[in-house]
Amino acid sequence: MSLWKIAPSILSADFGRLGEEVSAAEQAGADWLHLDVMDGHFVPNLTIGPDVVAAVAKRTTLPVDVHLMVREPDHLLEAFVRAGATALGVHVEACTHLHRTLSEIRRHQVRACVALNPATPAEAIRPVLSLVDQVLVMTVNPGFGGQAFIPETLPKIRQIRGWIDELRKPIDLVVDGGIGPDTIEAVALHGARVFVMGNAFFKSGDYKRFADGIRGKLASLSGP
Ligand code: DX5
Ligand code: ZN
């Protein structure tokens, strides 16, 4: 199995045909599905809640990676676990007691993910690294799909990759925001292994062809 994982973000899918979009992404060879939950406070946008996550989870056998862009998300964790999330991501900037929140996610026996914004230094997650299964580096400011990749995040990806390698734990390093054919090589070469893609994937017209193209680009790199 490839070490690279493609995670379409359903934020850019056609919500009027969500079930079909989920199936199409799975058939195209997606490895995970990424679902963005926004609260209108931590980020200036509102999206989906546990009911939509449950509807997606019923349509797929893929991991359901839920990215909570929510301030103080503790009271919502259980609802998303019950909805079928297999991973729950919380933002370091949004949790007052981050260690407790991540421990709570683990207690529910789903994968714990810590996410950080472009302006947040890598050091902010260092104390919780041994507690997580995934680190999500935001490569745009969270809140919307279709934004331009922020290249200043690249050194941070490399820094976190180094820490993960030192720990020798199978922590997935995920990048999210502005990822597509023009940026995938740079983030992969800096150490990212999971690529969330919203706009690039769902606006591509042919999901299978798009995913194959991305895998081709990754295969041409020297490899992890
Ligand atoms: C943005 C979300 C992303 C979004 C990425 O706040 O966290 O998951 O869907 O979309 P693209 O790939 O279009 O930048
Ligand atoms: Zn996301």
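Under 8 Å for C-alpha pairs, at least 6 residues apart: give me the relative contact order for the chain, rounded to a whole percent.
Values: 434 pairs, mean separation 44.7, N = 224.
So the answer I get is 20 percent.
Projecting label points 7 angstrom from Cα along Cα→Cβ for ALA55 and LEU18 puts them 0.4 nm apart.
For the residues THR96, THR101, THR86, THR47, what sequence is obtained by ranking on other C-beta atoms within 10 Å, fewest first? Each step should come with its number before you reach the end.
Numbers: THR96 9, THR101 25, THR86 16, THR47 19.
Final ranking by Cβ density, sparse to dense: THR96, THR86, THR47, THR101.
Along the Cα-to-Cβ line of ARG158, 7 Å from the Cα, sits a label point; which residues in segment 184-224 have backbone N less than 18 Å from it? The answer is 184-193, 221-224, whose backbone nitrogens lie closer than 18 Å to the label point. Using only alpha-carbon positions in segment 1-65, the gyration tensor eigenvalues give semi-axes of 21, 14, 10 Å once each is multiplied by 5 and square-rooted (largest first). Quick one: of the DSSP bridges fully inside the chain, what percent are antiparallel, nearest 5? Just about 5 percent of them are antiparallel. Distance in nm between label sites at LEU46 and GLN109, each 7 Å beyond Cα in the beta-carbon direction? The answer from the label model is 3.5 nm.
Take the Cα of LEU167, step 7 Å toward its Cβ, do the same at ARG71, and the gap between the two points is 2.8 nm.
Taking a span of 27 Å or more along the helix axis (Cα atoms) and a mean Kyte-Doolittle hydropathy of at least -0.5 as the rule, no DSSP H helix of the chain qualifies.
Taking only the C-alpha atoms of segment 177-224, Rg followed by Dmax gives 10.3, 29 Å.
For the set LYS5/LYS156; LYS5/LYS58; LYS169/LYS208, the pairs lying more than 24 angstrom apart at their alpha carbons are LYS169/LYS208.
Summed over qualifying helices (DSSP H, 4 residues or more, each -39500 (n - 2.57)) and divided by its residue number, the chain shows a 222 nm mean residue ellipticity of -9500 deg cm²/dmol.
Extension gain, GLU185 to LYS217: 0.36 nm times the residue separation minus the Cα-Cα distance gives 10.8 nm. Here segment 48-182 is described by how far its Cα atoms reach on the three principal axes: 37, 31, 27 Å, from widest to narrowest.
With 10 angstrom as the radius, rank PHE15, PHE202 by how many other C-beta atoms surround their C-beta, starting from the fewest. Show your work: numbers first, answer last.
Working: PHE15 12, PHE202 21.
Result, fewest neighbours first: PHE15, PHE202.
For segment 1-132, what is the relative contact order in percent, using Cα pairs closer than 8 Å and at least 6 residues apart in sequence?
So the answer I get is 18 percent.
Read the figures in this text as sums done on the coordinates, not as results from a lab. Because the structure is a prediction, the values reported are computed rather than measured. For neighbour counting, all protein chains shown are included, and Cβ atoms are generated from backbone atoms with ideal geometry for every residue, glycine included.
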